[in-house]
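Where a number appears in this text, it was derived from the coordinates with a stated rule and is not lab data. A quick note: this is a predicted structure, and the numbers were derived from the prediction, not measured. All Cβ positions, even for glycine, are placed from backbone atoms using ideal geometry, and neighbour counts span all protein chains on display.
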Amino acid sequence: MLKNNSFRKIMISLLALALILGSVAGCGSKSSGGSASGGGSGAKVLFLMTDVNDTFRATLSDAIVAAAKSQGVTLDMVETGGDAEFEANQVSGAKAAGYDAIILRAGDASTALQMNVASNDLPIIYVNNQPDDAHLEGGKYIYVGSDEYQVGKYQVEYVLKKLGNPKSMNVIIFQGEPGHSATIARTKSVKTTLKENGCEANYVFVDTANWSDAEAKEKFGIFMKTGQSVDAIFCNNDTMALGAVEGLKEFGLDYTKIPVTGVDASADGCASILAGEMAFTVLQDAKGQAAAAVQAAAVLGKGGDLSSVEGASEDLKFVWVPFSPVDSSNAGSIK
C-alpha cells in the first residue's frame, strides 16, 4: 500500500498519533457506528485487515463490520496492506486510543509474537491467517477460524467417491498465498487424506496461484506443456478452482470427468457448481467467523471468559467455526 519507505514511516507516525488522539487511523478505515448495546455493550475494537482484494477477505471484512453493528460494538477498520511495521504501530497505539481489543488479519502470521508484545496487554483476536500455537495464549491472544484440516478431508472424500475410489490418480494442486496458514494446512490435508484412503497420488503439478483465477488458468497452461494427464484438481480456494475450470475448457478437456474442487462456497463458486462446471467446494463460514471474532473481542476486551463464546476450545486459544461440504445438492441454498 505504501511503497516508499520514508513516506511509509511518516505515515505510520501520523497514523499512530491519530489513534492516540482517538480518531480513526489509516487509509480505507471505516467505523461500524455501532451503538453500545447487545452482547458487546460498550466495547471498542480496532480491526486491522491487510486488504480486501480477495473475495473471501472482502466478505469477511464486511461481515465483521456488520457483526459489530448487530452486537453493539464500536469498531474501526484499517487496511494495512500487509505491512508488518505498520500493523505493529497500529497495535501499539490501540490501548492509548481507548480500544478494548484488536481483531487482526496479519499479513504474516509469523509476526504474532511481535504483535502480542506490541499490544500493551490488549487482547488480540487473529483471523484468516493462523499463528503458530506457541504464539497464542488462552483467553488473550487467540485465533478465530475454521479447522483447515477438514478442507482436504472433504475434498478428497468427494473426489474418491466420484471417481469410484481409485487406487491411484494424477493430481494437480493449486495453492494459495505462499506461507499462509490455510495454504499449508489445506494442501497438507489433501495429501494426507489421499494417503489415508489408500490412494497413491502422482502429483503431476503443484504450484501457487495466489488465490487468483487468472494465475490458476495460466499455471494450468504451463502444466499442459508437460504432456501429462490429470484426473482431479484440488484448489485452496474457489477463485483458483474457477480458473482451473477455464483452463480445462481452453484445452478442450472434460471438466465433468476431471473434478475440480475449491474452498469458500463463494457465490461464483456455487454458481459454477450449479452450472455443472466446478464439482465441489467447502463452505468457509465468513459470517460465522465474523460473529465469533467480534463476540470474542467484546468478551475479552471487557475482561470476560472466552468459554462463553460458542466454539471456544478447552485451552481457550481458539474459537472454531465448522466447515461444511457443498456440492450440486446444496450449492443453491448457500447465502
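Taking a ≥ b ≥ c as the square roots of the Cα gyration tensor eigenvalues, with a/c under 1.5 meaning rounded and otherwise prolate when a/b beats b/c, else oblate, which class fits region 45-96?
Details: a/c = 4.22, a/b = 1.15, b/c = 3.67.
Oblate, since a/c reaches 1.5 and b/c is not below a/b.
Counting only other residues whose beta carbon sits under 11 Å from that of residue 247, what net charge do I get with K and R as +1, D and E as -1?
-2
Report the paramagnetic label zone for residue 168: residues of region 188-211 whose backbone N is under 18 Å from a point 7 Å from Cα along the Cα-to-Cβ axis.
Flagged as within label range: 194-205.
Rounded, prolate or oblate: which fits region 107-179 when a ≥ b ≥ c are the square roots of the eigenvalues of the alpha-carbon gyration tensor, with rounded for a/c under 1.5 and prolate only if a/b beats b/c?
Details: a/c = 4.57, a/b = 2.81, b/c = 1.62.
Verdict is prolate for region 107-179.
I'd like the Karplus ³J(HN,Hα) series for region 174-179: coefficients 6.51, -1.76, 1.60, θ = phi - 60°, whole numbers in Hz, and an x wherever there's a Gly or Pro.
Each residue of region 174-179 in turn: 9, 9, x, 4, x, x Hz.
Using amide H atoms built in the peptide plane, which far-off residues or other-chain residues are under 5 Å from residue 43 H to H?
Close amide H contacts, sequence-distant or interchain: 74.
If one takes the longest principal axis of the Cα atoms in the chain, at what angle in degrees, from 0 to 90 and to the nearest 10, does the Cα axis of helix 149-162 lie?
With rounding to tens, the tilt is 20 degrees.
Between the helical axis of 286-301 and the dominant principal axis of the chain, each derived from Cα atoms, what acute angle in degrees is found, rounded to the nearest 10?
Once rounded, the angle reads 30 degrees.
Springs between alpha-carbon pairs under 10 angstrom, Gaussian network model over the chain: which of 186, 57, 105 fluctuates most?
57
What do the square roots of 5 times the Cα gyration tensor eigenvalues come to for region 55-126, in whole Å, largest first, as semi-axes of the equivalent ellipsoid?
Semi-axes from the Cα gyration tensor: 20, 16, 10 Å.
Taking a quarter of the surface of the convex hull around the Cα atoms of region 183-281, what do you get in nm²?
Projected over every direction and averaged, the Cα hull of region 183-281 covers 6.0 nm².
Note the angle between two axes, namely the Cα long axis of helix 5-20 and the longest principal axis of the Cα atoms of the chain, as a number of degrees from 0 to 90, rounded to the nearest 10.
50 degrees
Return the ratio Rg/(2.2 N^0.38 Å) for the chain, where Rg is computed over Cα atoms only.
The chain yields a ratio of 1.04.
Return the distance in nm (one decimal) between the two label points of a simple spin-label model at residue 302 and residue 192, each offset 7 Å from Cα along Cα→Cβ.
3.8 nm
Using the Karplus curve 6.51 cos²θ - 1.76 cosθ + 1.60 with θ = phi - 60°, what ³J(HN,Hα) values do you get for each residue of region 112-119, in whole Hz, with x for Gly and Pro?
Result, rounded to whole Hz: 4, 4, 4, 5, 4, 5, 6, 6.
FRET efficiency for residue 121 and residue 267, Cβ-Cβ distance as r, R0 = 30 Å, nearest 0.05?
0.15
Report, in whole Å, the centroid distance computed from the Cα atoms of region 56-108 and region 291-319.
16 Å
Can you give me the long-range amide H partners of residue 324? Hydrogens built in the peptide plane at 1.01 Å from N, cutoff under 5 Å, separation of 5 or more residues or another chain.
Here the answer is 283, since their amide H atoms fall under 5 Å of that of residue 324.
By how many nm would the segment from residue 250 to residue 314 lengthen if fully extended, with 0.36 nm per residue of separation less the alpha-carbon distance?
18.1 nm
I'd like the Karplus ³J(HN,Hα) series for region 199-210: coefficients 6.51, -1.76, 1.60, θ = phi - 60°, whole numbers in Hz, and an x wherever there's a Gly or Pro.
Per-residue couplings from phi come out as 9, 7, 8, 9, 7, 6, 6, 10, 7, 7, 10, 6 Hz.
Between residue 137 and residue 274, what is the FRET efficiency for a Förster distance of 56 Å, r being their Cβ-Cβ separation, to the nearest 0.05?
The computed FRET efficiency comes out at 0.80.
Work out Dmax and Rg for region 48-193 from the C-alpha atoms and quote the Rg first, both in angstrom.
Using the Cα atoms of region 48-193, the pair Rg, Dmax is 17.8, 60 Å.
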